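The values are calculated or read from the model by the stated rules, or taken from the named source; none is laboratory data. Note that the structure is a prediction, hence the values are computed from the model and not measured. Positions of Cβ are generated from backbone atoms using ideal geometry, with glycine treated the same way; all protein chains shown enter the neighbour counts. Side chains are part of the model used for accessible areas, which takes the heavy atoms of the whole protein and leaves out ligands, DNA and RNA. Shrake-Rupley method; radii C 1.70, N 1.55, O 1.52, S 1.80 Å.
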Amino acid sequence: MGARTKLEGIPAPFTRAVEEVKRAVARPELEIGEMPAPQRIAPFAHAMTADVVVAGADLGTGRFILLHDPAGNEAWDGTFRCVTFARADIEQEMASDPLITQVGWSWLTDALDGAGAEHANPAGSITVVRSEGFGAMADDETDAQIEVRASWTPHGDLEPHAAAWMELLAKLAGLPPMAPGVVPLTRRRSAR
């Protein structure tokens, strides 16, 4: 069963959930867009992208997908599931740290908790990749990346879940925390 894209037949809970996700306010360094949602995972899906851009440099990227199956999904233990992917370059020293995967997971769980995103059944993986050139590529810069792939069953308002994903991207990209009381500028949206 493919995801429906027409307005008719879309359940009201999914419409409300998408509106809640879109209300999440992004930091000014995040460029938010929408992308086509996966068609086969759930009857209804909404997908967003974000790039972390500072002074013209791309520091990270990610996707946030909201899935909805009105009949429920036993694996989700609910009717909604949030799925995220986030990737950023990191320093070689961080990539060599044996605890970096646990730190990456804690960035996700801390972002969810900090945003007040009530959830259950979290699952995911943290991948760290280090690259070094040899031979004709020996002069290429060495680089390292961290990737977070995760999903969870959301409860309550969906806005905090999208906000937590945006905070995760900011943490992965090494952005400093926003100072209390600072209101980010209106986020930029684009169709991708």
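Considering only region 27-56, how many residues are surrounded by 15 or more Cβ atoms within 10 Å (Cβ to Cβ), of a type in the set (D, E, K, R) and not in a strand (DSSP E or B)?
2
Out of Ala24, Ala45, Ala55, which single residue is among the aliphatic types (A, V, I, L, M) and farther than 16 Å from Leu158 by Cα?
Going through Ala24, Ala45, Ala55 in turn, just one is among the aliphatic types (A, V, I, L, M) and farther than 16 Å from Leu158 by Cα: Ala55.
May I ask you to list the residues in region 94-103 that are surrounded by fewer than 13 Cβ atoms within 10 Å (Cβ to Cβ) and in contact with a strand residue (DSSP E or B) (Cβ under 9 Å, 6 or more places away or on another chain)?
Ser96, Gln102
For residues that are under 18 Å from His46 (Cβ atoms) and either surrounded by fewer than 13 Cβ atoms within 10 Å (Cβ to Cβ) or modelled with pLDDT under 95 (or both), tally how many sit in region 167-192.
5
Restricting to region 1-26, name every residue that is modelled with pLDDT under 95, under 19 Å from Trp165 (Cβ atoms) and open to solvent by 20 Å² or more (accessible area, probe 1.4 Å).
Matches in region 1-26: Val25 only.
From the residues in region 138-162 that are among the polar types (S, T, N, Q) and within 17 Å of the chain's Cα centre (by Cα), which one is farthest from Arg87 (Cα to Cα)?
First pass over region 138-162, keeping only residues among the polar types (S, T, N, Q): 142, 145, 151, 153.
Checking which are within 17 Å of the chain's Cα centre (by Cα) leaves us with 145, 151, 153.
On the way: Gln145: 7, Ser151: 15, Thr153: 21 Å.
Filtering first and then ranking leaves Thr153.
Would you list the strands (runs of 3 or more DSSP E) that sit entirely within region 57-141 and hold 2 or more residues that are farther than 21 Å from Leu169 by Cα and modelled with pLDDT under 95?
Those strands (runs of 3 or more DSSP E) span 57-73.
Please tell me if Pro122 is under 28 Å from Ile41 (Cβ atoms), more than 13 Å from the chain's Cα centre (by Cα), free of Cβ contacts under 8 Å to residues at least 40 places away in the same chain and open to solvent by 50 Å² or more (accessible area, probe 1.4 Å). So that I can check it myself, show each step before the final result.
Details: under 28 Å from Ile41 (Cβ atoms): yes; more than 13 Å from the chain's Cα centre (by Cα): yes; free of Cβ contacts under 8 Å to residues at least 40 places away in the same chain: yes; open to solvent by 50 Å² or more (accessible area, probe 1.4 Å): yes.
Yes: the conditions hold for Pro122.
Look at region 127-166 and say how many of its residues are in contact with a Gly (Cβ under 6 Å, 6 or more places away or on another chain), open to solvent by 60 Å² or more (accessible area, probe 1.4 Å) and β-branched (Val, Ile, Thr).
So the first thing to find is which residues in region 127-166 are in contact with a Gly (Cβ under 6 Å, 6 or more places away or on another chain), and the list is 140, 146, 148-150, 153, 160.
With the extra rule that they be open to solvent by 60 Å² or more (accessible area, probe 1.4 Å), the set shrinks to 140, 149.
When the remaining residues are screened for being β-branched (Val, Ile, Thr), the result is none.
Residues meeting the conditions: 0.
Look through region 142-166, keep the residues that are charged (D, E, K, R) and within 13 Å of Ala88 (Cα to Cα), and return whichever of them is modelled with the lowest pLDDT.
Asp143
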